[in-house]
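Quick notes on the structure that follows.
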Amino acid sequence: MMGILHEDMVLINEEEKAGDPTVITVNCPDKTGLGCDLCRIILLFGLNICRGDVSTDGKWCYIVFWVVGKASTRWKLLKKRLLEVCPSYFSTSEIDYYRKKNQPPRPPEVFLLKFWCSYDREGLLHDVTEVLCELELTIKRVKVSTTPDGRVMDLFFVTDTRELLHTKRRKEETIHHLKAVLRDVLISCEIDMAGPEVTACSQGSPYLPSAIGEEMFSLELPKQHLSGAVATNPTSVTMDNILSPSHTLVQILCEDHKGLIYDVMRTLKDYNIQISYGRFFANPKRNSELDLFIMQADGKKIVDPSKQDALRARLKMELLRPLRVAVVSRGPDTELLVANPVELSGRGRPLVFHDITLALKFLNIRIFSVEIARHMIRDREWEVYRILLDEGVGFSMPRSEIEVSVRNILMGWDKSR
């Protein structure tokens, strides 16, 4: 292992012909939650994992992902981001002299991106969101307001993956890309450090409609899923402690969706569970199969029936309802709510706001205002997106249609993508 260079820990073999998957190989020291961190980055780059193979001895791991996605993927940048979450060789060696100090990561600086537009148009917010994603600017909060005369003020609270937004060059690059997409609609654009008093203005309302709280944030499976009927619930999670002398085997059969492997990995990471060996496969019919040999942090099987039941129930919930979507009344107006659970590490699911705005762009629905905030609900942190829809003259789309369309985009089930 001493001969492996750091940059060789991640190898990417791009597709040889159109339609073939790209193969990503990770060969590095292991850590609990590494699979989750890798899958999150792959999801952030808009790629889908169609097949995977994971193997580790507890110290060193070998992971292969077969991914499909956009032709515009920046593979060199993806490799760089994957390398950043791989532990270095010296983190597992006995050479203390070379070992990096375990210091808590410094929280990223938050910047306020403020711009005015002369008028609103379909897809404006999505176009801005797409530019920010391409620039590797992470959206933490959004406040969008439409004035009575039709002008739009957008406040984006963002962090910079490259940690360069404090520089003049990076700010000019960001503004240049925004001008290119907004063109003559853009009136002015500013980027400043967000101080505590400014950040306070970004906090969402603590109020959430009580009518949808019970169902939307429930951590229990709906009754129709508890019956076990195949017709209503194709998802199954089974556990076996006989096949392996040292591991619990978890077998999952479910419908495929965007970020499925990430949802499984983040759940196991939150439970501090190690995957020693795993294989997963998604077939063209949108079905997925996963076989995972796991063990607890103490290196033992999961033999306690109550722990098995808790893990099984949580996995089924995260596979069936990885995101929560509802369209509700907010006074006389219509509000779209989307919520997703936050990892215990504090990270939220990537590209959620990007996909919400994409769905509304497809539906030709304008956005009147947006709030993004985190809420502690039932001892769990949720990232909640509240979008007040602009129901102009002639707006007659059923709320159920909006809800289904947004969910399909978020889950990767829309055929037009």
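The values are calculated or read from the model by the stated rules, or taken from the named source; none is laboratory data. Owing to the predicted nature of the structure, the values given are computational and were not obtained by experimental measurement. Neighbour counts are summed over all protein chains in view; Cβ atoms, including those assigned to glycine, are modelled from backbone coordinates with ideal geometry.
Which residue out of Leu292, Leu315, Leu358, Leu311 is over 30 Å from Lys59 (Cβ atoms) and at pLDDT 90 or above?
Going through Leu292, Leu315, Leu358, Leu311 in turn, just one is over 30 Å from Lys59 (Cβ atoms) and at pLDDT 90 or above: Leu358.
Go through (1) assigned by TED's automatic domain parsing to the domain that holds Lys31; (2) outside any helix (DSSP H, G or I) and name the single condition Val327 misses.
(1)
Filter the range 122-161 down to the residues that are among the charged types (D, E, K, R) and modelled with pLDDT under 85 and list them by number.
Hits for the range 122-161 are Glu122, Lys140, Arg141, Lys143, Asp149.
Could you check the range 244-258 and list, in sequence order, the residues that are more than 21 Å from Ala310 (Cβ to Cβ) and not in a loop (DSSP other than H, G, I, E, B)?
The one that is more than 21 Å from Ala310 (Cβ to Cβ) and not in a loop (DSSP other than H, G, I, E, B): Glu255.
Is at least one residue of the range 348-361 more than 17 Å from the chain's Cα centre (by Cα) and of a type outside the set (Ser, Thr, Tyr)?
Yes, the range 348-361 has at least one match.
Collect the residues in the range 295-336 that are surrounded by 11 or more Cβ atoms within 10 Å (Cβ to Cβ), of a type in the set (Ser, Thr, Tyr) and out of contact with any strand residue (DSSP E or B) (no Cβ under 6 Å at 6 or more places or on another chain), keeping them in residue-number order.
Ser329
(1) in contact with a Lys or Arg (Cβ under 6 Å, 6 or more places away or on another chain); (2) farther than 26 Å from Val342 by Cα: which one isn't true of Val237, the others all being true?
(2) is the only condition that Val237 fails.
Does the range 139-146 contain any residue that is over 20 Å from Phe368 (Cα atoms), in contact (Cβ under 8 Å) with a residue 60 or more places away in the chain and not aliphatic (A, V, I, L, M)?
no
Taking Ile275 as the residue in question, decide whether it is in contact (Cβ under 8 Å) with a residue 12 or more places away in the chain, in the same structural domain as Leu311 (by TED's automatic domain parsing) and under 22 Å from Pro305 (Cβ atoms).
For Ile275, the condition - in contact (Cβ under 8 Å) with a residue 12 or more places away in the chain, in the same structural domain as Leu311 (by TED's automatic domain parsing) and under 22 Å from Pro305 (Cβ atoms) - is met.
If only one of Val64, Val85, Val68 is in the same structural domain as Val26 (by TED's automatic domain parsing), in contact with a helix residue (DSSP H, G or I) (Cβ under 6 Å, 6 or more places away or on another chain) and of a type in the set (A, V, I, L, M), which one is it?
Val85
Condition (residue is part of a strand (DSSP E or B) and surrounded by fewer than 22 Cβ atoms within 10 Å (Cβ to Cβ)) applied to the range 33-46: is it met by at least one residue?
Taking every residue of the range 33-46 in turn, none turns out to be part of a strand (DSSP E or B) and surrounded by fewer than 22 Cβ atoms within 10 Å (Cβ to Cβ).
Among the candidates Ile356, Ile372, Ile365, single out the residue that is β-branched (Val, Ile, Thr), outside the structural domain of Tyr119 (by TED's automatic domain parsing) and farther than 19 Å from Ser405 by Cβ.
None of the other options fit; the residue is Ile372.
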